[in-house]
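Reading through the structure tokens given below for one structure.
The values are calculated or read from the model by the stated rules, or taken from the named source; none is laboratory data. What you are looking at is a predicted structure, and each value in this text was computed from that prediction instead of being measured. Cβ coordinates were reconstructed from backbone atoms using ideal geometry, including for glycine residues, and neighbour counts include every protein chain displayed.
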Amino acid sequence: MALDSKAKFKLKKVIKSLKKHRGRHTELVSVYIPAGYDLNKIIGHLSQEQGTATNIKSASTRKNVIDALERMIQHLKLFKSTPKNGLVAFSGNVAEREGQSDLQVWSLEPPTPLNIRIYRCDKEFITGPLEDICETKEVYGLIVMDRRDGDIAFLKGKAIIPLSRASSNVPGKTRAGGQSAQRFARIREGAAKDFYKRIGELAKEEFLGRAEIKGIIVGGPGPTKYDFVDGNYITDQVKQKIIAIKDLSYTGDFGLKELVDKSQDVLANEEIATEKKIMQLFFQTLATESDKVSYGEKEVRRALEMGAVETLLISESVDDDKIEEFEEKALELGTKVELISTETREGVQLRDIGKIAAILRYKLQ
């Protein structure tokens, strides 16, 4: 289950806050309770750990660990049972100066069901499993090619990640002197088949056995892509994952971007398609009804305070505190918020026109 941009932003903010804290010794407590697990068993385990902590030689470390566990136990007792998706809690003395005490406790229900159980005392809070939740799990494979060049990449969330590139030895259409047309055609065809085999091998190396790949999309100019897919150049396990073939004007990096643009029907439920769709609506409205949109922090703030904003668009390049400020105001007014990355062409355009924009409910005077 993919997180929406708002849930992901809030979780990333919690992670960022937790990662600021460092213990002088292994005295910061992290607890992950899986969905459906008996909360009383966790509390009992933490009580046992308190007893074990009395054996810690350092007096200050011993006190900090025992106090952190006690604070954690008392906090967990506030819950009648483990929340639906499980529970994550952190506790420890986060005072900046040694000898001072600033005992804090945090807890949150993760946005997706938790299936791991962790108890750990360390010099830092254990945030890795929460960071994994933020990661986009669904990945697509991309193959862009013609008879000259081939590129293989991942599409992960909104990011295109290049993997492999190959160029062919297929000669141009002009024949070398003295060669018959038939012989030259055979040479070209043989070189093309060798190239297809190379691309097939690269696809096998990059995609075979990768369970996270939801599908593979192939594209390129002309009929080459169909010759490649229909021929015996790709291992069956990889071929079975091909979900679309698209006609393109380009290869290389431009071709990869064009393939993503032209595959929005396939990627309809993915973040990149959602983000591009809302940004395209903004720019289309800007071009046809410019008084139904607003952009730039000052102008958007004014529209938001008037209750005129239907959808608020915020670049992820905006400072976290400012994002939170705008989100809270939007929530009060029933305004939808979309956080836009800078990993798409449209996201870069938003960043360049002021980082904050809005689609309005009505025209402003």
*What's the number of the condition Leu39 fails, among (1) in contact with a strand residue (DSSP E or B) (Cβ under 8 Å, 6 or more places away or on another chain); (2) modelled with pLDDT under 95?*
(2)
*Can you name the number of the only condition in (1) part of a helix (DSSP H, G or I); (2) in contact (Cβ under 8 Å) with a residue 12 or more places away in the chain that Cys121 fails?*
(1)
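Going by the structure shown, is Leu69 modelled with pLDDT of 95 or more and in contact with an Asp or Glu (Cβ under 9 Å, 6 or more places away or on another chain)? Show your work before the answer.
Working: modelled with pLDDT of 95 or more: yes; in contact with an Asp or Glu (Cβ under 9 Å, 6 or more places away or on another chain): yes.
Yes, satisfied.
For (1) loosely packed, with under 15 Cβ neighbours inside 10 Å; (2) within 14 Å of Glu299 (Cβ to Cβ), each residue gets a yes or a no:
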| site | (1), (2) |
| --- | --- |
| Phe326 | no, yes |
| Thr344 | no, no |
| Lys355 | no, yes |
| Arg361 | no, no |
| Leu364 | yes, yes |
*Mind checking which residues of the range 312-322 are over 19 Å from Lys158 (Cα atoms) and either in contact with a helix residue (DSSP H, G or I) (Cβ under 7 Å, 6 or more places away or on another chain) or outside the structural domain of Ile356 (by TED's automatic domain parsing) (or both)?*
Leu312, Asp320
*Could you please find all residues in the range 70-113 being of a type in the set (A, V, I, L, M, F, W, C), assigned to a loop (DSSP other than H, G, I, E, B), surrounded by 12 or more Cβ atoms within 10 Å (Cβ to Cβ) and out of contact with any strand residue (DSSP E or B) (no Cβ under 6 Å at 6 or more places or on another chain)?*
Phe79, Ala95
*For the range 328-342, enumerate the residues that are acidic (Asp, Glu) and exposed (fewer than 14 other Cβ atoms within 10 Å of the Cβ).*
Glu328, Glu332
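Restricting the search to the range 264-312, which residues are in a loop (DSSP other than H, G, I, E, B), modelled with pLDDT of 90 or more and surrounded by 15 or more Cβ atoms within 10 Å (Cβ to Cβ)?
The one that is in a loop (DSSP other than H, G, I, E, B), modelled with pLDDT of 90 or more and surrounded by 15 or more Cβ atoms within 10 Å (Cβ to Cβ): Ala308.
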*Residue in the range 337-365 that is modelled with the lowest pLDDT, counting only those that are under 11 Å from Val309 (Cβ atoms) and either assigned to a loop (DSSP other than H, G, I, E, B) or within 20 Å of the chain's Cα centre (by Cα) (or both)*: Leu364
*Filter result (assigned to a helix (DSSP H, G or I), out of contact with any Ser or Thr (no Cβ under 9 Å at 6 or more places or on another chain) and either touching a residue at least 40 places away in the same chain (Cβ under 8 Å) or of a type in the set (Phe, Trp, Tyr) (or both)) within the range 21-52*: His45, Leu46, Glu49
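Within the range 244-289, work out how many residues are of a type in the set (S, T, N, Q) and more than 21 Å from Thr311 (Cβ to Cβ).
3
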*asked:* So the check is Cβ under 8 Å with 6+ separation or different chains; which pairs have a first residue in the range 234-247 that's over 14 Å from Ile217 (Cβ atoms) and outside any loop (DSSP other than H, G, I, E, B) and a second one that's among the aliphatic types (A, V, I, L, M) and modelled with pLDDT under 95?
replied: Gln237/Leu208
*Pairs under 9 Å by beta carbon, first residue touching a residue at least 40 places away in the same chain (Cβ under 8 Å) in the range 99-111, partner surrounded by fewer than 16 Cβ atoms within 10 Å (Cβ to Cβ) and in a loop (DSSP other than H, G, I, E, B), six or more apart or different chains?*
Pro111/Met1; Pro111/Asp4
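Does at least one position in the range 241-248 carry a residue that is in contact with a Pro (Cβ under 7 Å, 6 or more places away or on another chain) and at pLDDT 95 or above? Lay out the reasoning, then the answer.
So the first thing to find is which residues in the range 241-248 are in contact with a Pro (Cβ under 7 Å, 6 or more places away or on another chain), and the list is 248.
Now restrict to residues that are at pLDDT 95 or above: 248.
Within the range 241-248 (the criterion being in contact with a Pro (Cβ under 7 Å, 6 or more places away or on another chain) and at pLDDT 95 or above), the answer is yes, since at least one residue qualifies.
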